[in-house]
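What follows is a short report on a single structure.
Nothing in this text is a laboratory measurement; each read-out follows from the coordinates by a stated rule. Computed from a predicted structure; not experimentally measured. Note: ideal-geometry Cβ built from the backbone for every residue, glycine included; neighbour counts use all protein chains shown.
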Amino acid sequence: MGVNAPLRVMRRRPAGWKAGRIMTPGTATRPERWRLALIAGGLALLTVACGSSGGTASGGAPSPSPPSPSAPAAGSSPNSALCAQAAALFDSLDQLTHIKVHKGMKDDITANLTTVRSNLTAFVAEARGQWQAQTAALKSELANVQAAAKSLTASPSVGAAGGVVSALGGVSTATQNLLAAVSTDCPSASPSPSG
């Protein structure tokens with residue numbers, strides 16, 4: 001440098017700075033991109049593998065279930081009756097957990113509880129011992145709803161309605177746990193959304 005040359009001030013570069021590229025909070029470096037691509041690919045493979053193992057061929061038995069005492073009729077899937085019961089159960093549970101707070105909701109809850117209990121009994125019989133922990137938890141939560149509903153009057157108080165809403169939250173959680181377990185054998189068992 002000459003004597004008359006302007007002075008250059010050396011600025012400190014940010015820690016994430018690389019020549020030719022500006023690092024922003026949303027920018028992923030190459031190793032991170034590969035890691036994200038591997039995770040996405042792994043999840044896709046896992047989804048495909050789990051989804052294809054859930055169904056059975058016509059006349060076959062599902063691998064995770066214990067052997068049944070009587071063989072299924074030729075040409076019918078052993079899961080079809082189970083999946084039909086599961087779908088009916090989850091639809092009735094969806095109706096129960098989406099009750100609006102209003103006058104006369106005690107009658108709605110009682111009617112829906114009767115339907116859910118009937119569907120749960122049929123589902124448990126068809127499941128032949130599968131998902132016992134989840135169905136027992138659901139039965140317990142349904143008993144909590146029934147106890148909370150007994151405190152309702154024709155014009156429910158805030159406290160009584162809150163108790164019912166809390167108990168219905170427990171039923172919703174137990175339903176999600178059962179649905180997660182059953183969906184491996186019956187992917188179509190999830191309820192249709194209620195309005």
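For Lys100, list the aspartates and glutamates whose Cα falls under 13 Å from its own Cα; do not include residues on the same chain fewer than 8 positions away.
By straight Cα distance, Lys100 reaches Asp108.
Quick one: Karplus J couplings for segment 176-187, per residue in order, coefficients 6.51, -1.76, 1.60, θ = phi - 60°, nearest Hz, x for Gly and Pro?
Ordered by residue, 3J(HN,Hα) equals 4, 5, 5, 4, 4, 6, 6, 5, 5, 8, 10, x Hz.
Quick one: Thr184, Thr175, Thr153, fewest Cβ neighbours within 10 Å first, how do they rank?
Thr153, Thr184, Thr175
If the cut-off is 18 Å between C-alpha atoms, which aspartates and glutamates fall inside it for Lys139, apart from same-chain ones fewer than 8 positions away?
Correct list for Lys139: Asp91, Asp94, Glu126.
Which whole-number percent gives the relative contact order of segment 80-126, counting Cα pairs below 8 Å spaced six or more residues apart?
Answer for segment 80-126 is 57 percent.
Placing one identical point scatterer on every Cα of segment 122-165 and ignoring solvent, what is log10 I(q)/I(0) from the Debye formula at q = 0.23, 0.31 Å⁻¹?
-0.73, -1.02
Taking the Cβ of Leu82 as the centre, find all other residues whose Cβ is under 11 Å away and add up their charges (Lys, Arg: +1; Asp, Glu: -1).
On the way: positive: Arg128; negative: Glu126, Asp185.
So the surrounding residues net to -1.
From the backbone phi of segment 167-173, what are the Karplus-calculated ³J(HN,Hα) couplings (6.51 cos²θ - 1.76 cosθ + 1.60, θ = phi - 60°) in whole Hz, Gly and Pro given as x?
Each residue of segment 167-173 in turn: 5, 5, x, x, 5, 4, 5 Hz.
Taking the beta-carbon count within 10 Å as an exposure proxy, list Leu82, Leu93 from fewest neighbours to most.
Numbers: Leu82 22, Leu93 25.
In order of increasing Cβ crowding within 10 Å: Leu82, Leu93.
Where does the charge balance sit around Ser155 when Lys and Arg score +1, Asp and Glu -1, over other residues with C-beta under 12 Å from its C-beta?
That sum, taken over residues with Cβ under 12 Å, equals +2.
Over all directions, the average projected area of the alpha-carbon convex hull for segment 78-185 comes to how many nm²?
Dividing the Cα hull surface by four gives the mean projection, 5.9 nm².
Within the set of other residues whose C-beta is less than 15 Å from the C-beta of Ala189, count the net charge using Lys and Arg as +1 and Asp and Glu as -1.
My count for the surroundings of Ala189 gives -4.
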